[in-house]
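Reviewing the structure listed below.
Throughout, read-outs are computed from the coordinates displayed, never taken from laboratory work. Keep in mind that what you see is a predicted model, and the values were worked out from it rather than measured. Note that each Cβ is placed from the backbone with ideal geometry, even for glycine, and that neighbours are counted across all protein chains shown.
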Amino acid sequence: MIEVKNITKIYKTGDFETVALKNVSFSVRDGEFVAIMGPSGSGKSTLMHLLGALDTPTSGEYLLDGKNVAKLSEDELADIRNEKIGFVFQQFNLLPRATVFRNVMLPLVYAGVERDKREERAKKALVSAALPEDWWQHHSNELSGGQIQRVAIARALVNNPTLILADEPTGNLDSKTGEIVLATFQRLHQEGRTIVLITHELYVAEHAERIMHIRDGEIKEDGKNHSRRIVHHPAAE
Amino acid sequence: MIISELLEEAFSAVTVNKVRSGLTVLGIIIGIGSVIAMISIGQGAQGSINASIQSIGSNLLVVSPSFQRTPGSVVSSGRGAAETLTQADSDAIASQVTQIAAIAPQINGRYQIKSRTANTNTQVVGTVSSYPQVRNVDMSLGSFISDQDVASVAKVAVLGPTTTGDLFNSTSTDPVGETIRINNINFKIIGVTKAKGGNGFSNQDDIIYIPLSTSQRYLQGGSYVASINIEAQDASSMTSVQEQVTNLLMERHRISDPNQADFSVINQADIVSAASSVTNTFTILLASIAGISLVVGGIGIMNMMLTTVTERTREIGLRKAIGAKKKDISSQFLAESVMLTFVGGVIGIILGWVISLLVTHFSGIATAISWWSVFLAVGVSAGIGMIFGYYPARRAAGLNPIEALRYE
């Protein structure tokens, strides 16, 4: 359960103040698949950073599983990211010189999980992101863009997070591989995962069950997606 | 993160750019290698100097004549030139000073020596039977001068190996029983000493020993002695013996002011410590020069680590996004720099060892690698990794995850 209450974020550069988010409030229930949509400069990246506990708001509260994340220190935020959030970025998702398996295990390394437990959980995550076993020992720089995103999804799953936060996950992919990735998200949603997808493309946002439009730091529209696209892709099963 | 994990990560990170890591490590290798080599050369030199000082005797005190000041005159003859020490002084020391193991007065002179086939000019030492004990002389052939020889003023001689070679054209000949002429007086050879090598001051192998009484009667005249060698019972009694000898001789020579003494007592321990302080100074000098190259190597490490941190900004951002704390990031980069310097340190020790072996092989200076210098080098190199890796690691840990992820 995610609750955002009256969040404002102001960036200061010298004497200038830029208001990136103005008094934003919303909540996301467990198991929801929400797309946050907006053009560049709308404040969606700022919102993504706050939701991902990469940054703290200037004012307001952000409750993640009932815990207020807004006032935590840098290292406490690192723990929150490690335990409760799974990230899928647009690019540079994986350590290039490490194997797929090692990449997926990395959050567990920082969580201090023992080696054999780590391997067990990484295997489970790789299976649920539908990654064939013969990729596991490949180095991540040997993979294609779509494959990298699916490894990133597996890594996002490995800590069993409250929230999977995807920032333009299909931004660097062609539409066919993008569909495989979106189908993977939809399947995870059906399995009960909470997913927040940040994008500027309506086509991508339409794969979610709820769409929030953000513009000039404010939420303009928030509602159920009535024209939902459901993709079934055999590769994502 | 567990140590083994950290080392694994650090290993894969430093092996990505092998040439760069290799060149950076080279700086540390040269630094540590030269420190080790310099210390080992210095210690080896110290060891060989000490050994050669020890070869002239153990727990040795040497009494020699000092200035001779004629009352009413400001002129003083050179140190050691005076004939102030006598056989009687030596006998008095032997009978009155305690804690003495052996005593051997000696008298020196240079003479022309002739054998049947050759001739040479060398040092002739008149002494007594206890001389080999006091001055660590070993016999290779025949025997040394006996008490009987001294008592009977026998014209017998013991030759050093170099002198034997000079007089008989070969060191392997057995000259015992042959006759040589010293200052045109016939002497019968009764023994040859073992080679001792030079002690840095004189060649102890180019020498002839004859009985003290014979030297006094036929060569020098008078009952003067050039010096008195005293062997103390052990190292701890040397100071006491030195004091007793000084007091006794001052009394015998009727001198009350120690500054006016017409003799001096040289303690072997003093010579050793003087030589040690010289070699120590020069070891420190060499090691500090080598230490400069170690610092330069450390700066190389820092330079490389700073470059690495910049290059891997996005990796740092990603690691932070998935839960790495500041400590995780800084220990990762510290592990990398310590790994580089540690490997450099180990290779450097091997290099330093090889250099010191080569120095021993080609120059003959004995070298000694001590365990403490090896431990010190390993410690210092790891420490350099810590010190010069700290700033880059802290910089990496302090990066803002959002900015790091955006970094192009």
**OP:** Just subtract the alpha-carbon distance of A:Glu201 and A:Glu76 from 0.36 nm times their residue separation and send over the number in nm, one decimal.
**Re:** 41.7 nm
Original post:
Computed from the mean reciprocal separation of all distinct C-alpha pairs, what Kirkwood hydrodynamic radius does the protein assembly as shown have, in Å?
Top reply: 32.4 Å
**OP:** Evaluate Rg over Rh across the range A:84-124, taking Cα atoms for both radii and Kirkwood's formula for Rh.
**Re:** 0.97
**OP:** For B:Ala118 and B:Gln96, compute 0.36 nm times the residue count separating them, minus their Cα-Cα distance, and round to one decimal in nm.
**Re:** 3.4 nm
**OP:** May I ask you to list the lysines whose Cα is less than 25 Å away from that of A:Lys5, ignoring any residue fewer than eight positions away on the same chain?
**Re:** A:Lys22, A:Lys44, A:Lys67, A:Lys71, A:Lys84, A:Lys220, A:Lys224
**OP:** Please find, in a Gaussian network model of chain B (springs between Cα atoms separated by less than 10 Å), the residue of B:Val150, B:Val128, B:Val278 whose mean-square fluctuation is greatest.
**Re:** B:Val278
Original post:
For the range B:283-337, treating each Cα as an identical point scatterer without solvent, what Debye log10 I(q)/I(0) comes out at q = 0.13, 0.26 1/Å?
Top reply: -0.47, -1.00
**OP:** With a/c under 1.5 counting as rounded, go ahead and sort the range A:125-228 into rounded, prolate or oblate using the C-alpha gyration tensor (a ≥ b ≥ c being the square roots of the eigenvalues; past the cut-off, prolate if a/b is larger than b/c, else oblate).
**Re:** prolate
Subject >> B:Tyr391/A:Lys12 FRET efficiency (R0 25 Å; Cβ-Cβ; nearest 0.05) >> reply: 0.35
Subject >> Estimated 222 nm signal from helices in chain B, with DSSP H stretches of n ≥ 4 weighted -39500 (n - 2.57), rounded to 500 >> reply: -18000 deg cm²/dmol
**OP:** Please identify, among B:Gly222, B:Gly31, B:Gly44, the residue showing maximal mean-square fluctuation in a Gaussian network model of chain B using a 10 angstrom Cα cutoff.
**Re:** B:Gly222
**OP:** Taking the Cα centre of chain B as origin, work out the dipole magnitude from +1 charges on Lys and Arg Cβ and -1 charges on Asp and Glu Cβ, in debye rounded to 20.
**Re:** 1020 debye
Subject >> Share, in percent, of DSSP beta bridges within the protein assembly as shown that are antiparallel, nearest 5 >> reply: 70 percent
Original post:
Hey, with R₀ at 30 Å, roughly what FRET efficiency would B:Gln233 and B:Asn203 work out to, going by the Cβ-Cβ distance, to 0.05?
Top reply: 0.50
**OP:** Find the eigenvalues of the gyration tensor of the Cα atoms of chain B, then list the square roots of 5 times those eigenvalues as equivalent ellipsoid semi-axes, largest first, in whole angstrom.
**Re:** 68, 25, 16
Subject >> Nearby aspartates and glutamates by direct alpha-carbon distance to A:Lys123 (threshold 15 angstrom, same-chain neighbours under 8 apart not counted) >> reply: A:Glu114, A:Glu133, A:Asp134
Subject >> GNM top mover of B:Pro258, B:Pro132, B:Pro211 - chain B, alpha-carbon springs below 10 Å >> reply: B:Pro258
Subject >> Segment B:Leu219-B:Thr310, extension gain: residue separation times 0.36 nm, minus the distance between their alpha carbons >> reply: 24.1 nm
Original post:
Each label point is 7 Å from the Cα along the Cα-to-Cβ direction; what then is the distance between the points at A:Lys67 and B:Ala151, in nm?
Top reply: 10.3 nm
Original post:
Within 10 Å of each Cβ of A:75-87, how many other protein chain Cβ atoms are there on average?
Top reply: 4
Original post:
Kirkwood Rh over Cα pairs of the range B:128-285 into Stokes-Einstein at 37 °C, 0.692 mPa s: D in µm²/s?
Top reply: 180 µm²/s
Original post:
Tell me, Kirkwood radius of chain A from alpha-carbon pair distances, in Å?
Top reply: 18.1 Å
Subject >> Antiparallel content of DSSP bridges confined to the range B:108-240, in %, to 5 >> reply: 70 percent
